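Visitor: Please read through the structure below; I'll follow up with questions.
The values are calculated or read from the model by the stated rules, or taken from the named source; none is laboratory data. What you see is a predicted model; the values in this text were computed from it and never measured. Please note: Cβ atoms are built from the backbone with ideal geometry, for glycine as well, and neighbour counts cover all protein chains shown.
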Amino acid sequence: MSTVRQFVVGNWKMNGTRASLAEIDAVRSGIGGVACDVGICPPATLIAAATERARGAALMIGGQDCHTAAGGAHTGDVSAEMIADAGGTLVVVGHSERRTDHDEDDALVRAKAEAGWRAGLLVILCIGETEAQRRAGETLAVLSSQLEGSVPDGSSAENLVVAYEPVWAIGTGLTASNDDIREAHAHIRTELVARFGEAAAGIRLLYGGSVKPGNAGEILPLANVDGALVGGASLKAADFLGIIAAAG
Ligand code: PEP
C-alpha cells in the first residue's frame, strides 16, 4: 500500500463539451470525505468552466499539455500560464499520445514540465514503454532513459507526480500484470531516490493504462502505486468514483 496520500486523476483527452460539466458536478458530489486527492484534466476549452464547477471542493482541475513559452506566436497552443489563469492547478506533460502524435521528445517534455512549474502548476509527467520495447526486454532501460531525459532538476514531492503508463495498455483494455506494475514502480522509485535523495520517496507514482472500477482494487494497493491516471473510465462520474473509492 502507498505510504503517501493517493492521487486519482482523470484525463478526458479530446472528449467533452459543456454538457460534460455535469460529470464534474457528479464527481464533486461524490468525493466528500474520500481518502485520496482527486483531479480532472478536461480539454482546454472546459478548464475555466470546470474550475468554476469545482470551486470550494477538493477537486483539482488541470490541463492535458502546455507549450514551453508563456505566450506568443504559437497558433493552437495553450501555455501553462493560460491554464493557471483559467483556474487550473495541474498539467499533464509527456503523455504517450503527445509523444507519438506530436513527436514530443524527452527534452521537450522536460521544458514543458519546467513551464508548468513557472506557472505554479503541479506537473504530472508521463513515461512508459511501447509494446515492442517490452517484448525486447527494454522496459526498465526505457523508463530510466525517459526519467533522465524528461524529469527536470529540482523535482520534489511538492511539484512533481510521475505517471507510469505502458503505451500498449492505454485505451486498449489491457493492463500490466501486478508483477509488471510492481517492478516498474520500484524501478522508478529507485531512480528518483538515487537522483533526488530520500525525499523522492514522497513523489507520487501513478499507474495508468485501462484502470477501471473493476481492476482498481487490485492495482491501487500495490507497493509504490500512489494513485492512478485514468483515461476512458474518467469520462463517466460513476466509473471514476468507483476508482476513487478503491484509493486510500
Ligand atoms: C490515459 O489517457 O492516460 C489513460 C491511461 O487512458 P485509459 O485509462 O483509457 O487507458
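Visitor: Among the residues of the range 222-231, how many are out of contact with any Asp or Glu (no Cβ under 9 Å at 6 or more places or on another chain) and outside any loop (DSSP other than H, G, I, E, B)?
Guide: Total meeting the criteria: 1.
Visitor: Please enumerate the residues belonging to the range 46-96 that are of a type outside the set (D, E, K, R), outside any strand (DSSP E or B), more than 23 Å from A26 (Cβ to Cβ) and in contact with a Lys or Arg (Cβ under 9 Å, 6 or more places away or on another chain).
Guide: Of everything in the range 46-96, those that are of a type outside the set (D, E, K, R), outside any strand (DSSP E or B), more than 23 Å from A26 (Cβ to Cβ) and in contact with a Lys or Arg (Cβ under 9 Å, 6 or more places away or on another chain) turn out to be C66, T68, A70, A80, G94, H95.
Visitor: From the list E138, E131, E165, which residue is among the charged types (D, E, K, R), closer than 21 Å to Y207 by Cβ and touching a residue at least 40 places away in the same chain (Cβ under 8 Å)?
Guide: The conditions single out E165.
Visitor: Can you tell me which residue within the range 97-108, out of those that are in contact with a Lys or Arg (Cβ under 8 Å, 6 or more places away or on another chain) and within 20 Å of E148 (Cβ to Cβ), is farthest from the ligand (Cβ to nearest atom)?
Guide: The selected residue is D105.
Visitor: Same structure again: Identify the residue in the range 26-45 that is part of a loop (DSSP other than H, G, I, E, B) and touching a residue at least 12 places away in the same chain (Cβ under 8 Å) and, among all such residues, is surrounded by the most Cβ atoms within 10 Å (Cβ to Cβ).
Guide: For the range 26-45, the residue satisfying everything is P42.
Condition check ((1) under 19 Å from C126 (Cβ atoms); (2) touching a residue at least 60 places away in the same chain (Cβ under 8 Å); (3) under 16 Å from the mean Cα position of the chain (by Cα)) across all residues:
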residue	(1), (2), (3)
L147	yes, no, yes
D180	yes, no, no
E198	no, no, no
R204	yes, yes, yes
E218	no, no, no
D239	no, no, no
G248	no, yes, no
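Visitor: Moving on to the next point. Would you check which residues across the range 97-125 are charged (D, E, K, R) and part of a helix (DSSP H, G or I) and list them?
Guide: E97, R98, R99, D101, D106, R110, K112, E114, R118
Visitor: Would you tally the residues in the range 206-216 being over 19 Å from S96 (Cβ atoms), small (G, A, S) and under 18 Å from the mean Cα position of the chain (by Cα)?
Guide: The qualifying residues number 1.
Visitor: If you don't mind, there's one more thing I want to ask. Give the range 28-45 a look and list any residue that's more than 16 Å from the ligand (Cβ to nearest atom) and at pLDDT 95 or above, or say none.
Guide: Within the range 28-45, R28, S29, G30, I31, C36, D37, T45 qualify.
Visitor: Can I ask one more? Kindly evaluate T100 against the criterion of being in contact with a Gly (Cβ under 6 Å, 6 or more places away or on another chain) and of a type in the set (S, T, Y).
Guide: Here the answer is no, as T100 does not meet what is asked.
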